[in-house]
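Here's the structure, in structure tokens; my notes come after.
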Amino acid sequence: MLLSRHSELCVCELTYAIGVSQPHLSRHLAQLREQGLVVDRRASTWIYYRINPNLPDWAKTLLRNAEVGLTSTAPFIDDSLALSAMPNRPDAPRCA
């Protein structure tokens with residue numbers, strides 16, 4: 001839901017918001033990337049993920065509808081609040 005709401009997020013932002021370890025999250029993101037659901041880019045030592053813009057329209061619609069229906073419920077609201085409170089977000093010299 002965070003990737004659907006934000007155009008792109010760094011792995012450090014996702015781990016901070018969701019509260020899981022980086023290796024755990026990276027393994028899941030790698031699986032999503034392998035299936036073509038997300039794409040990544042490297043910027044220095046950071047890896048950023050976003051929803052694959054080449055997804056079919058039906059998949060994009062499904063993600064948008066899921067975001068609308070779920071982002072105001074737990075745990076998604078908690079994840080969004082945690083992300084908004086994160087210090088040193090990317091584009092600052094260092095991630096938290």
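No value in this document is a laboratory result; all are computed from the given coordinates. Values in this document were obtained by computation on a predicted structure and should not be read as measured data. Here Cβ is always computed from backbone atoms with ideal geometry, including for glycine, and neighbour counts include all displayed protein chains.
Of note:
- Some residue of the range 33-54 being assigned to a helix (DSSP H, G or I) and surrounded by fewer than 10 Cβ atoms within 10 Å (Cβ to Cβ): yes
- Members of the range 19-32 found to be assigned to a helix (DSSP H, G or I) and loosely packed, with under 15 Cβ neighbours inside 10 Å, listed by number: Q22, P23, H24, R27, H28, A30, Q31
- Whether a residue is among the basic types (K, R), under 25 Å from N88 (Cα atoms) and without any contact (Cβ under 8 Å) to a residue 24 or more places away in the chain was assessed, and R5 does not pass this test.
- Taking each residue of the range 32-52 that is under 12 Å from E8 (Cα atoms) and looking for partners that are of a type in the set (D, E) with beta-carbon atoms closer than 6 Å, six or more apart or interchain, yields I47/D40; Y48/E8; Y49/D40; R50/E8.
- Boolean, Y48 is in contact with an Asp or Glu (Cβ under 6 Å, 6 or more places away or on another chain) and of a type in the set (S, T, Y): yes
- Take the conditions (1) assigned to a helix (DSSP H, G or I); (2) farther than 15 Å from M1 by Cβ; (3) free of Cβ contacts under 8 Å to residues at least 12 places away in the same chain; L81 misses just one of them, which is (2).
- Qualifying residue in the range 57-71 (condition: within 12 Å of the chain's Cα centre (by Cα) and more than 21 Å from R89 (Cα to Cα)): no
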